[in-house]
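Trainee: Let me begin by handing over the structure; questions about it come next.
The values are calculated or read from the model by the stated rules, or taken from the named source; none is laboratory data. Quantities reported herein were computed from a predicted structural model and do not represent experimental measurements. No Cβ is skipped: glycine too gets one built from the backbone with ideal geometry, and neighbour counts run over all protein chains shown.
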Amino acid sequence: MPDRDTYQHLISLLDSSRVDYRLIDHAPEGGTVAVSALRGHPVAQAAKCIVLRVKVDRRTTRHVLAVVPGDRRVDLDAVRALFSARYAGFSDAETAERLARAVPGAVLPFSFDPALDVVADPDVVAQPRLYFNAARLDRSLVISGVDYARLARPRVEHIASPAPA
């Protein structure tokens, strides 16, 4: 089962890196707002993870894992500009699941596939506590934004829509 393997890979990475983390069991949920309520934290502290397809030119397509605060949206124009691309949009579900190695709603802010580049908004890595589903819909994880940045090594760029007023 891919999500089980991805979950185990994540836990092994955290344990071997001696990262302080906490697991949170909850009812199965993949929606950012709903799962944030189950976990008991502000939505802004959640890592919203979305797999994008970026067409650099007619022959070159890249896949990007965009990680933004849970209360924000991915700014597709910012991602497109970041890669000097012709197009940036959401990946189809099958490709996203294959590259992320998790079902929608349980995508990690980490990439375990070399074909999936990670770009995180600065407001994600600045979080003292960052929450996300742990490649499972019924279990979440919390780590510091600093530890996340150290382990995931995302490209840190402004890719989130402005914060809501």
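Trainee: List, please: which pairs have Cβ atoms under 6 Å, are six or more places apart or on different chains, and start with a residue in the range 69-85 that is at pLDDT 95 or above and end with one that is in a strand (DSSP E or B) and surrounded by fewer than 18 Cβ atoms within 10 Å (Cβ to Cβ)?
Mentor: Ala85/Lys55
Trainee: Just checking, how many residues over the range 79-96 are closer than 20 Å to Pro154 by Cβ and not in a strand (DSSP E or B)?
Mentor: Adding up the residues that qualify gives 10.
Trainee: Restricting attention to the range 1-40, which residues are buried (at least 19 other Cβ atoms within 10 Å of the Cβ) and in a loop (DSSP other than H, G, I, E, B)?
Mentor: Passing the criteria: only Glu29.
Trainee: For the range 55-64, indicate whether the set of residues that are buried (at least 22 other Cβ atoms within 10 Å of the Cβ), without any contact (Cβ under 8 Å) to a residue 60 or more places away in the chain and among the acidic types (Asp, Glu) is non-empty.
Mentor: no
Trainee: Please determine, by comparing only the residues of the range 65-78 that are outside any loop (DSSP other than H, G, I, E, B) and of a type in the set (Gly, Ala, Ser), which one is surrounded by the most Cβ atoms within 10 Å (Cβ to Cβ).
Mentor: Residue satisfying both the conditions and the ranking: Ala66.
Trainee: Looking at Ala135 and the list (1) at negative phi; (2) among the hydrophobic types (A, V, I, L, M, F, W, C); (3) not in a helix (DSSP H, G or I), which single condition is not satisfied?
Mentor: With (1) at negative phi; (2) among the hydrophobic types (A, V, I, L, M, F, W, C); (3) not in a helix (DSSP H, G or I) applied to Ala135, the lone miss is (1).
Trainee: Any residue at all in the range 42-50 that's closer than 16 Å to Leu137 by Cα and among the small types (Gly, Ala, Ser)?
Mentor: Yes, the range 42-50 has at least one match.
Trainee: On to the next question. Are any of the residues in the range 104-118 modelled with pLDDT of 95 or more, part of a helix (DSSP H, G or I) and of a type outside the set (Ser, Thr, Tyr)?
Mentor: Within the range 104-118, not a single residue is modelled with pLDDT of 95 or more, part of a helix (DSSP H, G or I) and of a type outside the set (Ser, Thr, Tyr).
Trainee: So which of Arg139, Arg129 ends up being farther than 23 Å from Leu76 by Cα, surrounded by 14 or more Cβ atoms within 10 Å (Cβ to Cβ) and basic (Lys, Arg)?
Mentor: When all the criteria are applied, what remains is Arg139.
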